[in-house]
Amino acid sequence: MSSSNLHKLLSPRSIAVVGASERSDAIGSRVINNLRAMGFSGPIYPVNPRYTEVCGLPCHASLSSLPEQVDAAFLGVPARNGPDLLEQAADAGIQAVFVNANGYADGDEEGRELQRRLTAIARQRNVAVAGPNNLGLVNVLDRKAMWTPRYFSAIAPGPVAVISQSGSVALILSEDERKLGFSYLVTTGNEAMVTVADYLQHVATDDRVGVILLFLETVRDPALFAQAARTALASGKRIVALKLGRSEIGRTLVQAHTGSLAGEH
């Protein structure tokens, strides 16, 4: 995965939202509303063959019918449709895709096979895939977001980057009760392609970040994680990490949550 594709995931100039609808509570519609709340200035393209307009924006029948090649796409569709839509995104030249749905490695064997397909497509087509099974991400400093919660509070900018394998933890931290000020809020989910180590490497090279908070269930790429941590250290950034899974109950929760193994504490 190229660093430029990861940059498009975290700081896209244009975004397609697949699955947006006239229902205000639909995942895709929430993403559009949250982009507007962030003050995102780039073009937003709803994609849904059933509508001609969504959220006051022209709606397109497919990713191939967009008027331009976008930087990133959000797929607000059921898990069974994810791999095929990822192929369509790659065919449209989209190199950063956010997959929201659960029911992949966090589900049954059919879901695990769906995630294997996602990963294979992402690697073959060189697409940075966030997720699946997560709430989204917010780049506070650049006013970019692919964030799914229905209620979105204003987030004060600041030096703290959060990378969490738990969406609930990131959601609670986004309220910023301690008035820390955030640069990034990232939920990683099942990490079919982009892992916590990739995000860590990215924020470790951002001069606007001073402290990195990690909520970890597992580390899927230890070598890159170590490299990213050294990058953060060399640039004077502190890392605060909380690792879940010391107990048998904790390890069971990790397996049920994102389909990963907690590993040795």
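The values are calculated or read from the model by the stated rules, or taken from the named source; none is laboratory data. Since we're looking at a predicted model, the values are computed, not measured. Every residue, glycine as well, gets a Cβ built from its backbone with ideal geometry; the counts of neighbours run over all protein chains shown. Calculation scope for accessible area: heavy atoms of the full protein, side chains included, ligands and nucleic acids excluded. Shrake-Rupley method; radii C 1.70, N 1.55, O 1.52, S 1.80 Å.
Helix 222-234 and the longest principal axis of the Cα set of the chain meet at an angle near 80°. Measuring nothing but protein heavy atoms, the accessible surface of segment 1-146 at 1.4 Å probe radius is 44 percent carbon and sulfur. Straight distance only, please: which lysines reach the Cα of residue 8 with their own Cα at less than 27 Å, same-chain residues fewer than 8 apart left out? In chain and number order, the partners are 144, 237.
The heavy atoms of residue 205 present about 80 square angstrom of accessible area, all protein chains included, probe 1.4 Å. Computed from the C-alpha gyration tensor, the three semi-axes of the ellipsoid equivalent to segment 78-208 are 27, 16, 12 Å, from longest to shortest. Spin-label pair residue 33-residue 227: with each label point 7 Å from Cα along the Cα-Cβ axis, the two points sit 4.1 nm from one another.
For segment 61-104, the alpha carbon convex hull comes to 66 Å³ per residue, rounded to a whole number. Computed over the alpha carbons of the chain, Rg followed by Dmax gives 17.4, 52 Å. Estimated from helices alone, the mean residue ellipticity of the chain at 222 nm is -10000 deg cm²/dmol (sum of -39500 (n - 2.57) over DSSP H runs with n ≥ 4, per residue). For residue 243, the accessible area of its heavy atoms, probed at 1.4 Å with every protein chain present, is near 40 square angstrom.
Once you keep just the Cα pairs under 8 angstrom separated by 6 or more residues, what percentage relative contact order results for segment 19-114? About 21 percent, as a whole number.
For segment 1-149, the antiparallel share of DSSP beta bridges with both residues in that region comes to about 30%.
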